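Only one structure is covered here, and it is reproduced in the block below.
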Amino acid sequence: MPTNELIETEPTAETAIVPAEEIKDCENCHQPLAGNFCANCGQEADSKLKYFWVVIMHLLDDIFSFDSRASRTVWPLVTRPAFITNEYFSGRRVHYVPPLRLYLFISIVFFITLKFFVGADDNNGFNINDKKTLITQVKGHIEVLTTEQKTLPKIPSKSMEELAQVTRLNTDIAKFNTYLADLNRDYSSGQNKQIIKLTRELLELEFDHTEEAFSPKDQVRFDKLTARRLKVLNGGIVSEELNIGNNEDGTLSFDFLSDESNKKLNNFTEELAEKGEKAFNSDTGPLIEQVIGKLPQLMFILLPLFAVLLKVMFIFSKRLYMEHLTVALHSHSFIFITVLLSEILELLDDYLAPTSPSIANFFGVFAGGLLLWIPIYLFLMQKRVYKQGYFFTLVKFSIIGTIYSLMIAVTAIIAMIWGIMDT
C-alpha cells in the first residue's frame, strides 16, 4: 500500500539553497537575481565594468568565439566546399562561427598580414635570395674578367687589338665593381631603392648579352637606364610622366559631360598625375600602405554587390538575398585564408631555400597547390549550394568570374586613386 512517508534526497545543483548572503540584487531594479538575467527588467547580471584585459578577451570572443566552434569552422571552410554554407542553411548553426563574424576576423588578419608581406617585399626590393644570387653572379663575372686580364701579355709593346682588349677589360671590371657596390647599398633609402632597381635592370641586360652585342633596341634601353642611374647618383630625381588623358593634348574629356564638368575632371586628373609621379618615383611604401588600408572598406562594399550578382545568376534557385550574402561571406573568407596560407608557405620556401632546398621545394609546391585549389573550390561550392548540373554551373561560374574580376579591377583602381590622393 502507498504510504505518505517523506523520502529524503540529497540536494542537487538545481535544488540547493543559495545562502542569503550570496543572493545578489539587480543593479537596475534592485530585485533579487536568480540567474544570469533579471527576471523583472531583463538586465544582464554580469557587470560590464571589468579589468581591461578581461574586456579585450570578451571582445575577441565576441569577434571570433575562441572555442570549439573555431576548429569546427576553419578546417571544413578550407577543405570541404559548401559544407559550412549548407550546414548554416539547414539550421545547424550553433556549432559554427557565424558568417559575418568569420569574415570580419579573417579579413582583419588577412589585410594586416598583407601589409606585412607587401611591405617586406618593398623594403627588400627583391627576394633576398635573388639578391645574394645576383651579387654572387656579379662577383663571379668580375673574377672571370680579372683572370682574362691576367692572361694578357705583360710586354710593353702591345698590338692595337691587345690594347683595345685591355681597355675593354679595365672598363668592364670597373663597371661591374660599381654595380656590385650599388647592390650592397642600404635599401631603406628612397634614392638607393631607385639605384638598386636600375642596377638590377642593367645587369639583366648585361648578362643576357655576355657573348653577343646589344641589339639596337636593347642598346637604346641600356643607354636610357644608364642615364637615369647617373642622374640618381648625382642627386637627381628620375620621374616618368604620368598621363591621364584621351585627347592629343593630354587632357581628359567626355562628350556627355558639360564643359564645366570636364574642366573639374581635368583639374582632378592633373592633381592625381602630379601626386602619382611623386609616389611612384620615390619611396612607394606609404602609397602601398594607403592602398592596402583602403581595400577592407572597399571589399565591404563589394561583398553585397557580389551577393547581388549571385542573386541575378541564380534567380530561379529560390534562395533569399541573405543566403547569397552568406555564400559571398564564406567564399571570401575561404579565399583570404587560403591566400594567407600560401603566402606563409612561400615565405618558408624563401627562408629554407639556401639550407634545405628539398623542404623548401615542398612548401613552394604546396603553396602553388593552394592557389590552384581556389577556383576548383569556388566551382564546387556553387555546384553544391545551388544544386545545378556541371555544365550550367560551369557556364554561370565563368560568367560570374569574368564579371567579378572586372569588379575587382575597378575596386583596385579606386583603391589606387584613393591611396594616391591621400599620400
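What follows is calculated from the coordinates using simple rules that are stated; it is not laboratory data. Every value quoted in this text rests on a predicted model; they were computed, and no experiment measured them. Because the Cβ atoms are built from the backbone with ideal geometry, glycine has one as well, and the counts that use them run over all protein chains shown.
Brief remarks follow.
- Estimated distance in nm for a label pair at D208 and R384, the labels positioned 7 Å out from Cα along Cα-to-Cβ: 4.6 nm
- Listed residue pairs exceeding 24 Å between alpha carbons, taken from K132/K231; K318/K383; K224/K264; K150/K224; K197/K275; K311/K383: K132/K231; K224/K264; K150/K224
- Per-residue Cβ neighbour rank within 10 angstrom, fewest leading, L257, L310: L257, L310
- Cβ crowding within 10 Å ranks K396, K224 as K224, K396, fewest other Cβ atoms first.
- Legend: ranking of residues I374, I84 from fewest to most surrounding C-beta atoms inside 10 Å; resulting order I374, I84.
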